[in-house]
Amino acid sequence: MTTELMILGWTLVLALVQIMAPSALRNKETGIDYNMSARDTPAPPPGVVTARLQRAQANLFETLPLFAAAVLIAHVGGREGDLTLWGAWTYLIARVVYVPLYAAGVPLVRSLAWTVSMAGLGMVLAAILLP
């Protein structure tokens, strides 16, 4: 297995963490009885941190399919190299940094982390598309 595929695997672990973290907080907010019910009545609105973690999760899920596809295309197409390696690492590390920044409500640096993750995705795409 290539390093890029391993990084993709770790990105999927991050996705699972981002599913579980807001779910755990939400469980504390609504209670286990509500979460195990049919949820026929509306739940109270999520807390501030829970809502931030939910938005951070949604944000990851917007770009994760693109990242996964780019890594897989690079692998299958034999285009892996320094650019895909550094791009994949950049994407993953920036996405990991993004989560606590979003949860803490840090605006500017959070946006910078997102931009860096997009640069990492762009690096992988460049390796695929440029000769």
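In order along the stretch 67-80, the Karplus-derived 3J(HN,Hα) couplings, from 6.51 cos²θ - 1.76 cosθ + 1.60 at θ = phi - 60°, round to 5, 4, 4, 5, 5, 5, 5, 4, 5, 5, x, x, 9, 5 Hz, and Gly and Pro are given as x.
Of the trypsin sites (Lys or Arg not before Pro) in the stretch 27-131, the ones in a loop by DSSP (not H, G, I, E or B) with at most 12 other beta carbons within 10 Å are ARG39.
When you restrict to C-alpha pairs under 8 Å that are six or more residues apart and normalise by the size of the stretch 1-65, the relative contact order lands at 44 percent. Computed per residue of the chain from DSSP H runs no shorter than four, each worth -39500 (n - 2.57), the mean residue ellipticity at 222 nm is -28500 deg cm²/dmol.
When the Cα centres of the stretch 1-68 and the stretch 89-129 are compared, how far apart do they sit, in Å? After rounding, the separation between the Cα centres reads 17 Å. Here the contact order of the chain, divided by its residue count and restricted to Cα pairs under 8 Å and six or more residues apart, works out to 31 percent. Across the stretch 47-74, no residue has a backbone nitrogen under 14 Å from the label position 7 Å along the beta-carbon direction of LEU112. Distance between the 7 Å Cα→Cβ label points at MET6 and ASN35: 3.3 nm.
What is the local net charge at PRO107, summed over the other residues whose Cβ is closer than 15 Å to its Cβ (Lys, Arg +1; Asp, Glu -1)? Surrounding charge for PRO107 is +3.
Just so you know, all these numbers are worked out from the coordinates, no wet-lab data involved. Every value quoted in this text rests on a predicted model; they were computed, and no experiment measured them. Here Cβ is always computed from backbone atoms with ideal geometry, including for glycine, and neighbour counts include all displayed protein chains.
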